[in-house]
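J.: Before we start, here is the structure in question, set down as structure tokens.
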């Protein structure tokens, strides 16, 4: 329910103007007969004033489902709503759409069909203009008819993970540990207690002694994505948030499809986290955290990642433009806890300034960035750079290029 504040409409101002003109003319002409022409308009003004005092609608009642409609960017969403005025009068409603949202069917009012071209959290507002029955009084109000959560559409891409001991849980990552698996490791003499199905009969027949086949085990990983949401400078830094969202989507979606547990932590102005879990539902929960929505998220107290948000031996993949020292300190703390940490520089060697730097300041900027990367590498944080050159052809290929460099190293 939205309250209305009635104001004089254009009809009131027109009547007032028509009343004032004969009165001014009568004063200038010094003839009161001319003032009689203002009598009808004056009567209409008095009638309109009486109409306002006898009670008009005080509020606009909206019936709508405010549960967020979840779609991917490029898709359409339909919003069902009903708007009523709790009193006499008429009204007109016109949608107010945020940047990145357009009307998919402008000729149809119910349901309202909108198309979203870019990911984000979109509230959908309607501007309602109400008129009294005689058209003398008007009121405007903005009412919320729904929300649309448009998720970033980034196909999962296989990303190399750092070489680190993985949890003792069956998965799809090949490890150097010996045990139940598929990949051949070696053969050795049979020992009491070894499973009989592991006996290598060819080697046993050739050597005359029982041998078994050892295989490398496949283990699952725990992936926790950390996104930098600290206030960022304009210019290229605004693109870095888009890269962070797409990168987090790629990493978590690929991890969940491989049977790994995935979680997310956002540090900065929108500090939220959810613990690492399995399943497709977890993917949408992670997307809700990226969009700063959802009811199942936990608030981060302080500037460090909570211990409960990062399982033991979890792999940390962070996305940041490396502009806020507090975020770098949080990664160093995670490395101190024993987690392998990979930082993706989403600023991609650009400068976060609207104006182009001169050669001297640009050189100082690059030196400062190299010093920060060196300090992070010194404590064990691997830093890879998002490939900006691939953004023009494929916006999702920059992260894959960065992780290929990581696997080579």
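The values are calculated or read from the model by the stated rules, or taken from the named source; none is laboratory data. Owing to the predicted nature of the structure, the values given are computational and were not obtained by experimental measurement. Positions of Cβ are backbone-derived with ideal geometry, glycine not excepted, and every protein chain shown enters the neighbour counts.
J.: Scanning for something over 30 Å from residue 245 (Cβ atoms), exposed (fewer than 15 other Cβ atoms within 10 Å of the Cβ) and touching a strand residue (DSSP E or B) at 6+ places or on another chain (Cβ under 6 Å), does the stretch 15-28 turn up at least one residue?
T.: Among the residues of the stretch 15-28, not one is over 30 Å from residue 245 (Cβ atoms), exposed (fewer than 15 other Cβ atoms within 10 Å of the Cβ) and touching a strand residue (DSSP E or B) at 6+ places or on another chain (Cβ under 6 Å), which makes the answer no.
J.: Here's something else I'd like to know. Would the stretch 187-206 turn up any residue that is loosely packed, with under 14 Cβ neighbours inside 10 Å, at negative phi and in a strand (DSSP E or B)? Spell out how you get there, then give the answer.
T.: Taking the stretch 187-206 as the starting set, the residues that turn out to be loosely packed, with under 14 Cβ neighbours inside 10 Å are 189, 191-193, 195-197, 201-202, 205-206.
Filter again for at negative phi, leaving 189, 191-192, 195-197, 201-202, 205-206.
Retained after the next criterion (residues that are in a strand (DSSP E or B)): 189.
Scanning the stretch 187-206 turns up at least one residue that is loosely packed, with under 14 Cβ neighbours inside 10 Å, at negative phi and in a strand (DSSP E or B).
J.: Still on this structure, please answer the following. Is it true that some residue in the stretch 120-135 is assigned to a loop (DSSP other than H, G, I, E, B) and either touching a strand residue (DSSP E or B) at 6+ places or on another chain (Cβ under 7 Å) or assigned by TED's automatic domain parsing to the domain that holds residue 384 (or both)? Quick ask: steps written out before the conclusion?
T.: So the first thing to find is which residues in the stretch 120-135 are assigned to a loop (DSSP other than H, G, I, E, B), and the list is 132-135.
Now drop any that are not either touching a strand residue (DSSP E or B) at 6+ places or on another chain (Cβ under 7 Å) or assigned by TED's automatic domain parsing to the domain that holds residue 384 (or both), which leaves none.
No, the stretch 120-135 contains no residue that is assigned to a loop (DSSP other than H, G, I, E, B) and either touching a strand residue (DSSP E or B) at 6+ places or on another chain (Cβ under 7 Å) or assigned by TED's automatic domain parsing to the domain that holds residue 384 (or both).
J.: Related question: Among the residues of the stretch 78-92, how many are in a strand (DSSP E or B) and within 29 Å of the chain's Cα centre (by Cα)?
T.: Step one: list which residues in the stretch 78-92 are in a strand (DSSP E or B), which gives 78-79, 81-85, 90-92.
Okay, now just the ones that are also within 29 Å of the chain's Cα centre (by Cα), so 78-79, 81-82.
Qualifying residue count, the stretch 78-92: 4.
J.: Test residue 276 against the criterion of being surrounded by 17 or more Cβ atoms within 10 Å (Cβ to Cβ) and touching a strand residue (DSSP E or B) at 6+ places or on another chain (Cβ under 6 Å), and give yes or no.
T.: Numbers: surrounded by 17 or more Cβ atoms within 10 Å (Cβ to Cβ): yes; touching a strand residue (DSSP E or B) at 6+ places or on another chain (Cβ under 6 Å): yes.
The answer is yes for residue 276.
J.: Would you please list the contacts, defined by Cβ atoms under 6 Å and residues six or more apart or on different chains, that run from a residue in the stretch 338-349 that is assigned by TED's automatic domain parsing to the domain that holds residue 324 and more than 16 Å from residue 379 (Cβ to Cβ) to a residue that is surrounded by 22 or more Cβ atoms within 10 Å (Cβ to Cβ) and modelled with pLDDT of 90 or more?
T.: If the second residue must be surrounded by 22 or more Cβ atoms within 10 Å (Cβ to Cβ) and modelled with pLDDT of 90 or more, the pairs left are 344/319; 346/319.
J.: Taking the stated definitions as given, is residue 345 at pLDDT below 90 and surrounded by fewer than 16 Cβ atoms within 10 Å (Cβ to Cβ)? Let's see the steps before the verdict.
T.: Details: at pLDDT below 90: yes; surrounded by fewer than 16 Cβ atoms within 10 Å (Cβ to Cβ): no.
No: the conditions fail for residue 345.
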